[in-house]
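What follows is one structure encoded as structure tokens, with my remarks underneath.
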Amino acid sequence: MYSYTYDCETGGILLNSSPTGFSKEPRPVYAPELDVLGFDKYWKYDNQIDRPYMWAEANTYWYRGKLVAMLKGGNLYTAPEIHLAYLCSEYKETPDGKVTQKVICDLPDKRPSFIDKKGNVFGIVKPEPNGNFLRPIDVVAMVEANRAMLEIIEQTTVKKILAIYTIYKNRLNCFHVAFSGGKDSCVLLDLVKKALPKGSFVVVFGDTGMEFPDTYEVIRKTKQQCVEDEIPFYIAKSHLNPKESWELFGPPSRVLRWCCSVHKSTPQTLKLREVTSKNDFIGLDFVGVRAQESVARSTYKYENYGAKQKGQFSHNSILEWTSAEIWLYIYTNDVLINETYKKGNGRAGCLFCPMSGGSSDYLRRSSYPAEIDIYIDLIKSTYDGDKRKTSNTESYILNGGWNARKNGRELSNNAFRCIEKITNGNLTLTITDPDSNWLEWIKTLGDLTGCNGQYSVIFESERIWFSVRANKNGYIVALPESILKEKPAFGKIFRQVFRKASYCKGCRVCETNCRNGCISFAEGKVQINDCIRCHECHAIDSGCLLFHSLRHPQGGGNSMKSLNSFADHAPKPEWLRSFFELKEAFFSEHTLGPMMFDIFRRFLKDASLNENNHFTPFAELTSQIGWETDTAQGLILINLVSENPQMEWYVNKFDIGRTYPRQRVEDMLTAVDVKPKDAKSIAKSYKRLVKTPLGTSLHWGFITDDGDLVRTKCMVSDPRVVLYGLFKFAEKCNDYKEFTLATLLNDRIDRDGISPTRIFGLDRDDMTPILLGLSAKYPNFITASFTHDLEKITLAEDKSSKDVLDLFERGYNK
């Protein structure tokens with residue numbers, strides 16, 4: 001809520017009345033963290049754990065208002081480097097420049113001082129003079145200095161909690177605190193206790209089985225306190241233990257976060273159904289989410305419905321709190337502190353989370369080596385090691401290959417058991433060794449009739465026929481392709497029925513999605529009775545979480561072997577200029593060497609500028625538009641990302657505005673089995689590409705003076721470029737032409753097409769006016785509506801990306 005400064009007197013934090021814009025999320029630093037990182041080589045301090053010594057903001061360390069060190073690098077097995085702070089109190093940028101102060105952090109081999117190239121003298125920043133012992137933070141004095149402001153924050157939040165309870169107390173079946181054992185949920189529970197009457201809520205701890213060991217001590221003590229306070233405390237846990245689920249699903253990744261559904265939300269929902277004795281209970285959970293934790297959470301609202309769990313309300317009661325306020329509240333109210341924070345772990349959650357990395361991984365493994373190594377061994381055992389070298393496996397783990405996984409291709413012993421193809425006018429699904437009975441899952445689609453391999457279901461009052469023919473290890477399903485085009489909603493669910501039938505192992509996510517009690521599992525086998533066909537059991541990634549995690553890419557997608565499309569010959573601006581000046585004659589009059597020409601011809605083909613050594617109609621259009629303009633380059637980029645695996649990789653892997661050191665890019669590539677030589681070429685090619693109009697006109701990206709790679713938000717002056725991108729995206733996604741803006745913006749969804757929001761770096765504020773403008777000007781192509789928190793984007797079924805190009809043709813041939 002409020003800004004903070006560091007108090008030199010107490011060593012603590014001092015809140016001030018100005019609202020915070022962005023908090024650096026300070027956290028207290030205790031002796032065990034200093035020990036494990038190696039700070040004991042440079043500073044003296046007592047080995048006590050009652051009081052912290054300083055504060056950390058991400059990788060920087062602050063002692064009584066002074067920046068004293070920062071960390072750089074680090075991974076699971078390697079400690080991050082300690083860079084100590086050096087201060088120049090009379091820094092001049094130029095000999096005659098204004099005198100300022102400047103602090104830089106560098107390796108401590110320059111102790112105790114050094115002179116830079118401009119003659120500025122830098123001396124090491126000493127936390128205490130003469131190498132004296134560090135002084136712990138005066139917690140009592142810090143609390144007293146902040147008491148008045150903290151009381152305002154506390155009372156404001158307590159009133160919010162009471163207000164939401166008052167609104168819903170006669171309308172909902174239950175209120176519960178979602179408890180994790182971390183600092184935020186401990187503070188939240190304390191606030192809810194103060195706000196609500198006894199007996200009005202319960203506490204539920206979602207035990208993933210993957211928690212920090214120290215968390216379980218917090219749970220034990222919190223449960224005991226709740227018993228004393230007569231507050232029901234429940235523990236919700238999946239019937240699958242982590243080892244079983246990791247072996248079953250493969251390790252979770254940034255986009256395959258099946259773990260949250262299987263180990264957290266599903267067990268909690270089942271537990272609350274048990275508590276309320278209602279399958280269709282409606283509850284409100286108080287959640288300790290804070291906006292300052294991440295960019296994604298900064299968009300959250302205090303109250304929402306269905307965002308965390310289908311059919312349930314959530315209240316993010318401490319949404320606007322900063323970590324400074326959280327820690328001050330903990331010290332002021334003597335709230336339990338999870339010991340894992342004292343070991344340097346910034347968050348208490350799952351032990352080995354795909355969302356972590358770097359020095360965080362090092363601190364976690366240093367704290368709990370035996371527990372972490374269990375998950376590392378699981379990654380190794382599920383990685384396709386029979387075909388890969390040990391060194392590649394290590395790189396796969398250290399450089400983030402495991403948490404970048406998008407499908408099941410790189411998992412060992414993972415034969416694909418549901419292969420979907422369009423052949424001879426039919427959709428065919430080849431099911432091998434199915435784990436579940438399709439006759440149960442088909443009940444979610446319609447009433448089944450038929451025999452001897454010929455079946456039909458009634459869907460939206462129409463009978464639709466399909467066949468199921470048994471073979472040695474399973475069966476083959478066939479459905480006329482025309483049905484997919486005429487009834488895309490049916491086609492989607494039909495596919496999902498057989499994906500479920502192929503893979504279902506009873507994770508029970510479908511069961512919790514069904515609020516009517518129609519789905520149950522006995523010994524892992526599904527039973528469906530009295531289904532009302534709400535299709536909520538299909539509202540899961542790919543229809544089945546296990547299928548989604550284990551599936552193989554289908555449809556001839558680009559393989560990693562073809563990722564290095566340009567070798568060392570990415571296009572140069574002069575090559576493009578020659579191509580557009582010579583047009584058809586370029587293919588006979590160019591002066592490029594054989595290798596250069598072959599690779600440039602590949603680039604032109606993927607951009608739709610060349611077909612069989614001819615200047616294409618698309619090339620003519622971009623020439624008329626002005627090939628160097630952002631509009632023409634935007635159209636070209638869409639085609640390239642759609643067809644060229646290297647361009648697709650840049651767009652998928654480089655986040656807008658983030659700096660990627662070249663070595664880091666190479667590590668990202670080798671982590672997914674790209675050969676080191678090819679990785680160097682791919683990183684090197686980016687420098688050439690951004691010197692073309694893709695970089696200079698469209699502003700797709702640039703290279704820093706240090707050689708780092710950066711992708712930037714594109715300049716898209718003509719909204720028709722975005723419209724073209726939307727149709728290309730839909731065509732790549734099985735021609736599915738109805739979606740939401742949230743779907744477009746969600747990069748975690750694994751799909752064949754890439755949204756123009758990702759290609760150009762456009763956010764919600766950019767896209768909303770573009771979509772509304774396109775809808776108003778081209779209603780025959782697109783309709784977009786944003787009303788009452790509902791959003792819907794529909795592309796015309798009878799239009800294609802080619803038709804969008806015709807809009808440009810008409811615009812430039814008047």
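Just so you know, all these numbers are worked out from the coordinates, no wet-lab data involved. Predicted model only: the values in this text are computed from it and were never measured. Virtual Cβ from ideal backbone geometry, glycine too; neighbours counted across all protein chains shown.
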re region 719-812: pairs of Cα atoms spaced beyond 22 Å account for a percent value of 20 percent
DSSP beta bridges in region 139-342: the antiparallel percent, rounded to 5, is 15 percent
Between the modelled labels at residue 141 and residue 198 (7 Å from Cα along Cα→Cβ) the distance in nm is 4.0 nm
Rg (one decimal) and Dmax (whole number) from the Cα set of region 436-479, in Å, equal 10.7, 35
Under Stokes-Einstein, region 2-131 at 25 °C and 0.890 mPa s, with its Kirkwood radius over C-alpha pairs, diffuses with a coefficient in µm²/s of 151 µm²/s
Quick note on 569, 535, 176, 614, ordering by fewest other C-beta atoms within 10 Å, gives 614, 535, 569, 176
Percent relative contact order for the chain, counting Cα pairs under 8 Å at least six residues apart, stands at 9 percent
Lys and Arg at +1, Asp and Glu at -1: neighbours of residue 216 with Cβ under 14 Å from its Cβ sum to -2
The whole-number value in µm²/s of the Stokes-Einstein translational diffusion coefficient for region 134-230, with Rh from the Kirkwood sum over alpha carbon pairs at 25 °C and 0.890 mPa s, is 158 µm²/s
Output ordering of 543-553, 257-267 (per-residue mean of other Cβ within 10 Å, highest first) is 543-553, 257-267
Note: residue 620 to residue 8 extended length (0.36 nm per residue) minus current alpha-carbon separation gives 213.6 nm
Straight-line reach check, residue 485, cutoff 23 Å on alpha carbons, 8 or more apart in-chain or any other chain, hits among lysines -> 421, 443, 500, 728, 732, 737, 792, 799, 802
Quick calc: nm separation of the 7 Å Cα→Cβ label points for residue 585 and residue 170 -> 8.6 nm
Diffusion coefficient in µm²/s returned for region 335-484 by Stokes-Einstein, Kirkwood Rh over C-alpha pairs, 20 °C and 1.002 mPa s, is 108 µm²/s
In nanometres, the difference between 0.36 nm per residue of separation and the alpha-carbon distance of residue 304 and residue 792 is 173.8 nm
Rounded to the nearest 0.05, FRET efficiency between residue 806 and residue 469 (Cβ-Cβ, R0 60 Å) equals 0.85
Computed over region 139-342, the distribution of all Cα-Cα distances in 10 Å bins, rounded to whole %, is 8, 33, 39, 17, 3, 0
At the level of C-alpha centres, the distance separating region 477-552 and region 356-378, in angstrom, is 36 Å
Cβ-Cβ cut-off under 14 Å around residue 81, Lys and Arg +1, Asp and Glu -1: the net charge is +1
So the compactness index of the chain, its C-alpha Rg divided by 2.2 N^0.38 Å, takes the value 1.05
The local net charge around residue 398, scoring Lys/Arg +1 and Asp/Glu -1 for residues other than residue 398 whose Cβ lies under 10 Å from its Cβ, equals -3
Per the helix-only model, the chain has a calculated mean residue ellipticity at 222 nm (DSSP H runs of ≥4, -39500 (n - 2.57) each, divided over all residues, rounded to the nearest 500) of -11000 deg cm²/dmol
Two pseudo-spin positions, 7 Å from Cα along C-beta at residue 81 and at residue 247, lie apart in nanometres by 4.2 nm
Taking only the alpha-carbon positions of region 335-379 as identical scatterers, the Debye log10 I(q)/I(0) at q = 0.22, 0.23, 0.34 Å⁻¹ comes out as -0.73, -0.79, -1.43
In Å³ per residue, the alpha-carbon convex hull of region 497-618 encloses 172 Å³
One would report the Cα pair-distance distribution of region 560-711, bin width 5 Å, in %, as 2, 10, 19, 24, 20, 14, 8, 4, 0
The alpha-carbon center of region 562-631 and that of region 390-461 are separated, in whole Å, by 40 Å
Across all Cα atoms of region 161-216, Rg and the largest Cα-Cα distance (Dmax), in Å, are 12.9, 39
Within region 221-262, the residues whose backbone N lies under 20 Å from a label point placed 7 Å from the Cα of residue 381 along the Cα-to-Cβ direction are 238-253, 258-259
Full extension between residue 458 and residue 552 adds, at 0.36 nm per residue less the Cα distance, a length in nm of 30.7 nm
